[in-house]
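Working notes for the structure below.
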Amino acid sequence: MGFGCVFVRGNRGVETSMKFTEWMLRRVYGLGSHVFLGSSRNADWIYEKVQRTRHLPLLAGNIANYYLRRPRVSGFLTLMLEPVFGCNLHCAYCWNSFEGRFRSMRPHLMPWDLFVKVVEGLPESIEAVTVVGVGEPLAHPQICDMIDFIAAKGLRSVLYTNGTLLEGRCLDRLAQTSLDVLCVSVEPDEETSRTYRNVDLSVIRRNVEAFVAAKQPHTQVKLAVVAHAGNVHLLDRVEEYWTGLVDAVKVGRMMIIDANSHPAVCMEPWRGNFFVHTNGEVSPCCVDFFGDLVVGNVHKETLASIVRGTSIPDLLKRMLRGDTPGRCRTCSEYNAPGIPVKAPKRPIRTKDRR
Ligand SMILES: C[S@@+](CC[C@H](N)C(=O)[O-])C[C@H]1O[C@@H](n2cnc3c(N)ncnc32)[C@H](O)[C@@H]1O
Ligand code: SF4
C-alpha cells in the first residue's frame, strides 16, 4: 500500500459503485494532488469537501491565483469549525500539548448561538463542514445536535475525533445522526499509540467497531494518521490492522510550527478555507490554532461578509510582500516523500516587496 489517502474497502463488504461524476472528480483530484501536492493520494480528502462540479472553477481559480501571485481567493470551499478548544489527550505532536500558555486564550466550548451563526452565514460555495480544531469535538455536549443542524442546512459533515469518547450514550446518539464522515485519529500500532497519543489502540478499535455496527448506512468511517519520524516506517500496519472495518485511511505530514524555516509564500491562505475558532475568530489557515492570521470574527459579521471584505486580500498582499505573520515564518512540515504536502510554499520575489 502507498500512503496518503487510500481506499481500503467499503465497510459494507462491497466495492463502492461510483457514479461517473464521482469517478471523474476523483481522477481530476488525484491528478491535481499529484501535480500540486506531490502525491495523488489526497484525492479523497478533496472529494470529501468539493463534490459539486460548479465549484471546480473556484478551486482552479484559487490555485491559479496562488501561482500567479494574485492577492485574491476565487471562492471559499472548505470550513473547519472548532466546537471544543482543549483536549482530554496530549498527543506528542499536537498544538494542544505544547502551547500550554494558550489554554485560556479562548472559550473551551463554542456556544450554540455562535455555531448557528457560522453555519447560517456560510457562502454558497461551501458544501461541507469539517468539525475539528485544537480539541476533542466529542467533548461538546451539543455535538450531535450540531451534526443534525449541519445536515438540516443541506451541508455534509466530517468529524475528527481521537476516539476515546466514542462510547456509551455519545456513540449511540452520534450513530443516529446524519454524519457523513467520522474520521478517527490513530497511530499505526499499540506501541506508537502509547508513545505518541497515550491511548490504548485496542480500546479505540473496540469503539470504532461499535460505531460501525450502529451507524447509519451512508456514514463513512475513516482513519487519520500523522506521518512523523517515529512512525513513518510503520504506516503499512494501518491497513493490516484496520482492513475490512474502515472506508479509507488518510495520511498527512506532521506540521511543525517552531521550525527554523525560511519565510515563503504559503498556499494555505489561497486555498479557500475558513477556520472558525470557539471565540468566533476566522482564519484562512487550517493550522492557525493561535489566531495569527485572523481576518474577522463571526460575532461581528457573517462569513459571507468577510469574503466580500478587504481583510483577506490585505493579508494575501502582505504575504506576497514577505511581511508574513511571525508564526508563518517558522511553520513547516515533516519531510515525507510519497505523502502529500499540506501547504506548498514558494519563494518570496523581490518585485513583490514593492
Ligand atoms: C488537532 S486534532 C483535533 C481532533 C481530535 N482531537 C483528533 O485527534 O482527531 C485533528 C487532527 O490533527 C492531527 N494533528 C495533531 N497534531 C498535528 C501536527 N503537528 N501535524 C499534523 N497533524 C496533526 C491529529 O492527529 C488529528 O488527526
Ligand atoms: S487528541 Fe487530537 S486535539 Fe487532542 S492532543 Fe491528540 S491530536 Fe491534539
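Please treat every number below as a calculation from the coordinates, not as lab data. None of the values given here were measured: they were computed from a predicted structure. Note that we place each Cβ from the backbone using ideal geometry, even for glycine, and neighbour counts take in every protein chain shown.
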- Which values of log₁₀ I(q)/I(0), to two decimal places, follow from the Debye formula for the stretch 60-99 at q = 0.14, 0.16, 0.21 Å⁻¹ with a uniform point scatterer at every Cα? -0.59, -0.65, -0.69
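Please compute the length gained on full extension between residue 317 and residue 124, using 0.36 nm multiplied by the number of residues separating them and subtracting their Cα-Cα distance.
66.9 nm
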- How high is the FRET efficiency between residue 24 and residue 243 when r is their beta carbon distance and R₀ equals 35 Å, given to the nearest 0.05? 0.80
- Query: Given 0.36 nm per residue, what is the gain on full extension from residue 105 to residue 56 after removing their alpha carbon distance, in nm?
  - Reply: 14.0 nm
- Message: Run through the stretch 284-332 and list the trypsin sites (Lys or Arg not before Pro) located in a DSSP loop whose Cβ has at most 10 other Cβ atoms within 10 Å.
- Response: 300
- Query: Hey, got a sec? Which trypsin sites (Lys or Arg not before Pro) in the stretch 135-208 land in a DSSP loop and have at most 16 other Cβ atoms within 10 Å?
  - Reply: 153
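How large is the charge dipole for the stretch 16-72, taken about the Cα centre, if only the Cβ atoms of Lys, Arg (+1) and Asp, Glu (-1) carry charge, to the nearest 20 debye?
Once rounded to the nearest 20, the dipole reads 240 debye.
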- Whole-Hz Karplus ³J(HN,Hα) for the stretch 273-286, in order, using 6.51 cos²θ - 1.76 cosθ + 1.60 and θ = phi - 60°, x for Gly and Pro? 10, 10, 10, 9, 7, 4, 9, x, 5, 10, 10, x, 10, 6
- Find out how many positive minus negative residues lie around residue 170, taking Lys and Arg as positive, Asp and Glu as negative, among other residues whose Cβ is under 15 Å from that of residue 170. -1
- Message: Could you work out the pair-distance distribution P(r) of the stretch 148-307 from its alpha-carbon pairs, with 5 angstrom bin width and percents rounded to whole numbers?
- Response: 1, 8, 14, 16, 16, 16, 15, 9, 4, 1
- Query: Sorting 108, 55 on the 10 Å Cβ count, fewest up front, what's the list?
  - Reply: 108, 55
- Anchor residue 300: lysines whose Cα lies under 23 Å away (excluding residues fewer than 8 positions away in-chain): 117, 153
- Task: Give the distance, in whole Å, between the Cα centre of the stretch 223-255 and the Cα centre of the stretch 139-171.
- Result: 23 Å
- Net charge near residue 333 (other residues with Cβ under 10 Å of its Cβ; Lys, Arg +1; Asp, Glu -1) is +3
- Message: Counting C-alpha atoms alone, how compact is the stretch 43-138: give Rg to one decimal and Dmax as a whole number, in angstrom.
- Response: 16.4, 43
- At 0.890 mPa s and 25 °C, Stokes D of the chain from Kirkwood alpha-carbon radius, µm² per second: 119 µm²/s
- Query: Ordered by residue, what ³J(HN,Hα) values in Hz, to whole numbers, does the stretch 315-327 give under the Karplus form 6.51 cos²θ - 1.76 cosθ + 1.60, where θ = phi - 60° and Gly and Pro are x?
  - Reply: 5, 5, 4, 4, 5, 5, 6, x, 8, 7, x, x, 5
- Task: Show which lysines lie in cross-link reach of residue 250 when reach means a straight Cα distance below 18 angstrom and same-chain residues fewer than eight apart are skipped.
- Result: 49, 222, 342
